[in-house]
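See below for the structure under consideration.
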Amino acid sequence: MDSVCIRNFCSRLLSIYINDLHYNNTTPLDQILVGSSRTRSSDSLVTDSAAGATAFSCIKKTYNGAIAVDPDKAP
């Protein structure tokens with residue numbers, strides 16, 4: 001289990017605990033969510049908005065400060 005999954009799992013558990021919900025509670029988003037995306041940059045676990053948007057829209061990791069290019073600066 002990677003850190004993103006752990007963070008999402010812990011966030012869900014905390015919400016269930018705080019709001020006294022059933023352990024199998026689902027949100028409206030759970031009903032339409034069909035996948036996920038990891039949007040970290042190629043040079044850091046912490047990403048900026050440009051690298052995150054590139055990962056999400058182009059299915060390509062890039063470095064912080066770049067848009068729509070790969071780590072070798074190719075489009």
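The values are calculated or read from the model by the stated rules, or taken from the named source; none is laboratory data. Bear in mind the structure is a predicted one, so any value in this text is a computation, not a measurement. Don't worry about glycine lacking a Cβ; one is built from the backbone with ideal geometry, like all the others, and counts go over all protein chains shown.
Taking the stretch 21-55 as the range and being closer than 26 Å to residue 70 by Cβ, modelled with pLDDT of 70 or more and surrounded by 12 or more Cβ atoms within 10 Å (Cβ to Cβ) as the test, the residues that pass are 40, 41, 42, 43, 47, 48, 50, 51, 52, 53, 54, 55.
The residue of the stretch 1-20 that is farthest from residue 65 (Cα to Cα), among those that are at pLDDT below 80 and in a loop (DSSP other than H, G, I, E, B), is 1.
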